[in-house]
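Notes follow the structure.
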Amino acid sequence: MRQHRRAIALLAAFASLLACSPADAPAAAAHRPGASGIGDTDFPDDGNGGYDVRHYDLAIDYTPATRRLDGVATIKAGATQGLSSFNLDLLGLDVSQVTVDGSPARFTHQGGELTVRPAEPIDDRATFTVSVRYSGRPQPATSTTNLGTFGFIPTADGAFVASEPNGSKTWFPSNDHPSDKATFAFTITVPAGVTALANGELTGEPATSGGRTTYRWSERHPMATYLATATMGKFKLRKGSTPAGVPNLAAADPRFASSLDKLYKTSGEITDYWSTVFGPYPFASTGGVVDDYAAGYALENQTKPLYGGFDPDEGIIAHELAHQWFGNSLTIRRWKDLWLNEGFATYAEWLWSEHKGKKTADAIFKDHHSRPAGDPMWKYPPGRAKPDDLFNQSVYTRGGMTLHALRRAVGDDTFFRLLKSWAADNRYGHVTTEKFIELAERMSGKDLKPLFAAWLYQPRRPA
Ligand code: ARG
Ligand code: ZN
């Protein structure tokens, strides 16, 4: 009897080993290397598997004259599997030391992948802190496709830092994919006289000693890595708040000094207007930065859109500020859904025009719709952004047209309630096209699949 019971207990233990539930799994199988990509099949090397970043603490020292950067990135993360090793994305730059939870870790750095092997493996669901000491002269990314130059771009007096889609790895080790958002703190030290502008708000006054000034910025809301910036140079600043009371900071390179007041006022006015159309502003401050960088390029860096080398007009300010809701607060999980950023921000430009009593969104829509059937836009379905042609005009314009077609189908009342619900339900989270279609159908009570199929997925002009 006794023996018999013991045999059953042994059998049960053996069976639970075979079943291999995580808690009972043998140690060797419980820890394995994290994947070198996060699983975006269009960008297989971007991001990493096996963990989720909660917070980046970036300490950066930069000297424009020598273009040398010294950095320490301290990253707090949670494991999503047992990890014997894991990767960070980092392109160029020399890594001198890596620690995990304070203990030195072995590492290799090849191409854009920094592989870290902690002294002790990390258990599934454990939180850990990895610290990377690195230095060198950051080089921007120049893509083989049509993305141009992005990431950390040195300028005569500092750097223009705009990293969409995957240029964060040119200046800090990261899980460089929008599906992993985190909060950020920045400590940036530059020669006195240089201003360092990062996301979020200044924590304390910049402090100067020994001819160098340290700026501390903190972004307390989750942020995708591509929206992080540390734009540096000579800047004229204007600080205050929007008429509705959102802290507002505008900065302009001395060459664009005459743009400063307009940038400040327009950014404030538009931030407040979007708050009435899309719902409460998602972040703790707004503003904009105009730098002297000849690219005709703008990026919706969180709280501080960046405009490169031109005097931004209302249209582009309306666009980049609309991204604070659509792109920054609501973030795509996969790049193929980029129209959820660019289509919405483009449609916002049309809404701004309509609001100002200029051309209505409907008139703008009709202009675009009258483009000949052979226009390249009709061949490119915007609902599936192509990795080798991510920022195609169709993703912007036909994406915007999709929203107008939807507005016409469901009526203004439902359409504008939908925009607000979309922004509220997914605030600080991740979104997909499927989720949007589902909400639109639920709120309108209509079958909208044919409309979205025609506008987002057909390689020809919708009727
Ligand atoms: N999101 C930016 C905009 O709204 C475009 C970024 C283009 N990125 C690039 N690497 N070319 O205008
Ligand atoms: Zn945009």
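Table for the structure above
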| read-out | value |
| --- | --- |
| Cβ-defined net charge surrounding Val100, 12 Å radius [Lys, Arg +1; Asp, Glu -1] | +1 |
| Using distinct alpha-carbon pairs, which all enter the 1/r mean, Kirkwood radius of the chain in Å | 23.6 Å |
| Estimated inter-spin distance, Lys379 and Arg32, nm [label 7 Å along Cα→Cβ] | 4.3 nm |
| Kirkwood Rh (inverse of mean 1/r, distinct Cα pairs), segment 44-228, angstrom | 16.7 Å |
| Low-density loop cleavage sites - chymotrypsin sites (Phe, Trp or Tyr not before Pro) in segment 155-191, where at most 12 other Cβ are within 10 Å (DSSP) | none |
| Estimated translational D of segment 354-405 in µm²/s (Stokes, Kirkwood radius over Cα pairs; 10 °C; 1.306 mPa s) | 134 µm²/s |
| Under Karplus coefficients 6.51, -1.76 and 1.60, residue-wise ³J(HN,Hα) of segment 172-188 in Hz, glycine/proline x | 8, x, 7, 9, 7, 7, x, 6, 10, 9, 7, 7, 9, 10, 10, 10, 10 |
| Gap separating the Cα centres of segment 266-295 and segment 93-133, nearest whole Å | 37 Å |
| Binned Cα-Cα distance frequencies in segment 243-318 - 10 Å width, integer % | 20, 56, 21, 3 |
| Neighbourhood net charge (13 Å Cβ-Cβ; Lys/Arg +1, Asp/Glu -1) for Ala119 | 0 |
| Counted charge near Leu227, where neighbours are those whose Cβ lies closer than 13 Å (Asp, Glu -1; Lys, Arg +1) | -4 |
| Fewest-first sequence of Met223, Met232, Met377, Met443 by Cβ atoms within 10 Å of each Cβ | Met443, Met377, Met223, Met232 |
| Coordinate range along principal axes, alpha carbons of segment 378-463, Å, largest first | 33, 32, 17 |
| Amide H contacts of Thr331 (H built 1.01 Å from N, under 5 Å, at least 5 apart or other chain) | Gly429, His430, Val431 |
| Karplus-derived HN-Hα couplings along segment 108-116 (A = 6.51, B = -1.76, C = 1.60, θ = phi - 60°), whole Hz, x at Gly and Pro | 10, 9, 9, x, x, 10, 9, 9, 10 |
| Label-zone membership for segment 264-300, site Tyr428, 7 angstrom Cα→C-beta point, backbone N under 14 Å | 281-285 |
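Every read-out reported here was derived from the displayed coordinates using simple, explicitly stated rules and does not represent laboratory data. What you see is a predicted model; the values in this text were computed from it and never measured. Quick reminder, even Gly has a Cβ in these numbers, built from the backbone with ideal geometry, and neighbours come from all protein chains shown.
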